[in-house]
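Every read-out reported here was derived from the displayed coordinates using simple, explicitly stated rules and does not represent laboratory data. Source: prediction; values computed, not measured. Cβ placement follows ideal geometry from the backbone for every residue including glycine, while neighbour counts extend to all protein chains displayed.
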């Protein structure tokens, strides 16, 4: 048992209320296992949206199996709920959720470890029932209080409150964590996890003070010694300064990454009828996904999309996950104890 135990750690079965964000489209089983082994909740991300979705499903299953072979602790998967302009759920979402449910049904070892499914982007209504019936804990990421209430009323187990400063695909409502999180914790009864802007024990302590039950981090976990990102990508995050990030149109809405040639193309095209290089909407979506994967795999940090949160400007060194996660939880507990000890005795009325 870690120094901070609450309803979220007990629900998920982890030692520390620290979650590794979904970080697709990329290979994350080794990173997810490292976070889970350290007492947090690691997350295996979906491997993009290939043209052949069944091939993508096989890759996703391989990543799940790899993570399960590297940890005996709980871990999650992250699947965005993609929708088209008419609100119809895109096929990849159903294919990947089906892949997760089948993996648990067919493999007892996976079922014991893969215990959480996180959805994001669109509303997961059609999938809430099947996810719950499978025995999975369902987390859903939101960017507005109204969305949190809707998800909680529909039956999700955990709400992830996403501030606009987060990296990757950011919420369309553009509300920052210090405004969003207290509003959501007041509005719902389920556990709430803060994501966006956290990087160390101070962020965890602040999240708990705002009524959240934990934090999720993406950029902080990329800048570690325990993942497969290209070294040039990691170095670009370490080198980032305040103001080096920019929001642009991503695959599911707003997206945040480093300001470079690729992201500037999307910023310049925003609000215009023409996409970069005259691409159609479908071609542009493929260009974005390929660009993200090229940066992650090949280290093209100038001509491809480098996803990161604003917090990169405050991260200057790599850490070991095995040491970092428990130390972050312990330091957060110390911060809260110190603050409590500084409070004076109540004045007699």
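Taking other C-beta atoms within 10 angstrom as a stand-in for reagent exposure, 159, 179, 89 fall in the order 179, 89, 159, fewest first. For the chain, the square roots of the Cα gyration tensor eigenvalues, ordered a ≥ b ≥ c, give a/c below 1.5, which places it in the rounded category.
Only helical runs count toward this figure. For the chain, summing -39,500 (n - 2.57) over DSSP H runs of n ≥ 4 and dividing by all residues gives -13500 deg cm²/dmol at 222 nm. Our note on the geometry: Cα centres of segment 228-253 and segment 10-39, 21 Å apart.
Ranked by how many other Cβ atoms sit within 10 Å of their own Cβ, fewest first, the residues 194, 136 fall in the order 136, 194.
Report, for the chain, the % of DSSP beta bridges that are antiparallel, rounded to 5.
The antiparallel proportion sits near 20 percent.
Cβ-to-Cβ counts within 10 Å put 223, 43 in ascending order as 223, 43, the fewest first.
Which number comes out as Rg/Rh for segment 239-298 once both Rg and the Kirkwood Rh are worked out on C-alpha atoms? Looking at segment 239-298, the ratio lands at 0.96. Sorting the segments 149-158, 31-40 by their mean number of nearby beta carbons within 10 angstrom, highest to lowest, gives 31-40, 149-158.
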